[in-house]
1. Restricting the stretch A:61-72 to residues that are open to solvent by less than 60 Å² (accessible area, probe 1.4 Å) and either on the phi > 0 side of the Ramachandran plot or aliphatic (A, V, I, L, M) (or both), which is farthest from the other protein chains (Cβ to nearest Cβ)?
2. Check B:58, B:107 and return the single one that is open to solvent by less than 60 Å² (accessible area, probe 1.4 Å) and either under 10 Å from the mean Cα position of the chain (by Cα) or touching a residue at least 24 places away in the same chain (Cβ under 8 Å) (or both).
3. Of all residues in the stretch B:26-48 being within 10 Å of the chain's Cα centre (by Cα) and more than 9 Å from every other protein chain (Cβ to nearest Cβ), which is most open to solvent (accessible area, probe 1.4 Å)?
4. If the Cβ limit is 8 Å and pairs must be 6+ apart or interchain, which residue in the stretch A:86-115 that is in a strand (DSSP E or B) pairs with which residue that is modelled with pLDDT of 90 or more and of a type in the set (Asp, Glu)?
5. Which condition breaks for residue A:70 when tested against (1) in contact (Cβ under 8 Å) with a residue 12 or more places away in the chain; (2) over 11 Å from the mean Cα position of the chain (by Cα)?
6. I'd like the full set of residues that are in a strand (DSSP E or B), among the polar types (S, T, N, Q) and open to solvent by 50 Å² or more (accessible area, probe 1.4 Å), limited to the stretch A:12-52.
Amino acid sequence: AQSVTQLGSHVSVSEGALVLLRCNYSSSVPPYLFWYVQYPNQGLQLLLKYTTGATLVKGINGFEAEFKKSETSFHLTKPSAHMSDAAEYFCAVSSPSGGSYIPTFGRGTSLIVHP
Amino acid sequence: DAGVTQSPTHLIKTRGQHVTLRCSPISGHKSVSWYQQVLGQGPQFIFQYYEKEERGRGNFPDRFSARQFPNYSSELNVNALLLGDSALYLCASSLIAHSYEQYFGPGTRLTVT
């Protein structure tokens, strides 16, 4: 079984401030981990993914995430928030080595960016 | 190249009716997955189809069904609509069934009144 917990349904930051969105996962086998972004009235866009190898992964729009197995975490960060980053962010986990490529999504975190 | 397309964009139905949602995958992609996203929650997996065969099914009642056509497009059908079926229905395509690389369409917003 696999699951994802996103801490904080809403995160509010000022423009230019650090963005930190938290994600903890549960998986009985080595996980694949993803962050997706969803802008209003749109589908999901993949920001970045961790499969194997380097634990620090860089994605689009200046975002990055670090896979920490000991903490079962995959937090998303960006050094400096832009107004255009305001959106819903979803963390997801899948377990290909367990036979399942179907991702399980968290409930999402809404990022609010203040001028 | 066109991305994943879905139709219609929005739909309003009344309880008890049925609905058909359509999805066209990215050219060359042979697998289509359907997700339900209720307001304030993450997407929940409904079905995956590959080469016209069902390859996976989530925890949804039999009122939900789907199929995939020879051109790899897909339909999601929901019968006997309930108020709780109101959601954004997302389609995602991938090259093959066993792939973590999924590309999502913009979704169909279904409102059941």
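The values are calculated or read from the model by the stated rules, or taken from the named source; none is laboratory data. Keep in mind the model is a prediction, meaning the values are calculated, not measured. So basically every Cβ, Gly included, is an ideal-geometry build from the backbone, and we count neighbours across all protein chains shown. Accessible surface areas use protein heavy atoms only, side chains included; no ligands, DNA or RNA. Shrake-Rupley method; radii C 1.70, N 1.55, O 1.52, S 1.80 Å.
1. First, the residues of the stretch A:61-72 that are open to solvent by less than 60 Å² (accessible area, probe 1.4 Å): A:62-65, A:67, A:72.
Subset that is either on the phi > 0 side of the Ramachandran plot or aliphatic (A, V, I, L, M) (or both): A:62, A:65, A:72.
Values: A:62: 21, A:65: 15, A:72: 18 Å.
It comes out as A:62.
2. Values: B:58 fails: either under 10 Å from the mean Cα position of the chain (by Cα) or touching a residue at least 24 places away in the same chain (Cβ under 8 Å) (or both).
Step by step, each of B:58, B:107 is checked, and only B:107 is open to solvent by less than 60 Å² (accessible area, probe 1.4 Å) and either under 10 Å from the mean Cα position of the chain (by Cα) or touching a residue at least 24 places away in the same chain (Cβ under 8 Å) (or both).
3. To start, the set of residues in the stretch B:26-48 that are within 10 Å of the chain's Cα centre (by Cα) comprises B:32-36, B:45-48.
Filter again for more than 9 Å from every other protein chain (Cβ to nearest Cβ), leaving B:32, B:34, B:36, B:46-47.
On the way: B:32: 1, B:34: 0, B:36: 19, B:46: 1, B:47: 2 Å².
Per the stated criteria, the residue is B:36.
4. Close Cβ pairs (under 8 Å, with a partner that is modelled with pLDDT of 90 or more and of a type in the set (Asp, Glu)) amount to A:109/A:88; A:110/A:88; A:111/A:85; A:111/A:88; A:113/A:15; A:113/A:85; A:114/A:15.
5. Here residue A:70 clears every test but (1).
6. If we filter the stretch A:12-52 for residues that are in a strand (DSSP E or B), which is where we start, we get A:12-14, A:19-27, A:32-38, A:44-50.
Pick out the ones that are also among the polar types (S, T, N, Q) and you get A:12, A:14, A:24, A:26-27, A:38, A:45.
Across the stretch A:12-52, the qualifying residues are A:12, A:14, A:26, A:45.
Let's see how each residue does on (1) closer than 19 Å to residue A:94 by Cβ; (2) of a type in the set (A, V, I, L, M, F, W, C); (3) outside any strand (DSSP E or B):
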{"site": "B:23", "(1), (2), (3)": "no, yes, no"}
{"site": "B:41", "(1), (2), (3)": "yes, no, yes"}
{"site": "B:56", "(1), (2), (3)": "yes, no, no"}
{"site": "B:66", "(1), (2), (3)": "no, yes, no"}
{"site": "B:77", "(1), (2), (3)": "no, no, no"}
{"site": "B:91", "(1), (2), (3)": "yes, yes, no"}
{"site": "B:96", "(1), (2), (3)": "yes, yes, yes"}
{"site": "B:111", "(1), (2), (3)": "no, no, no"}
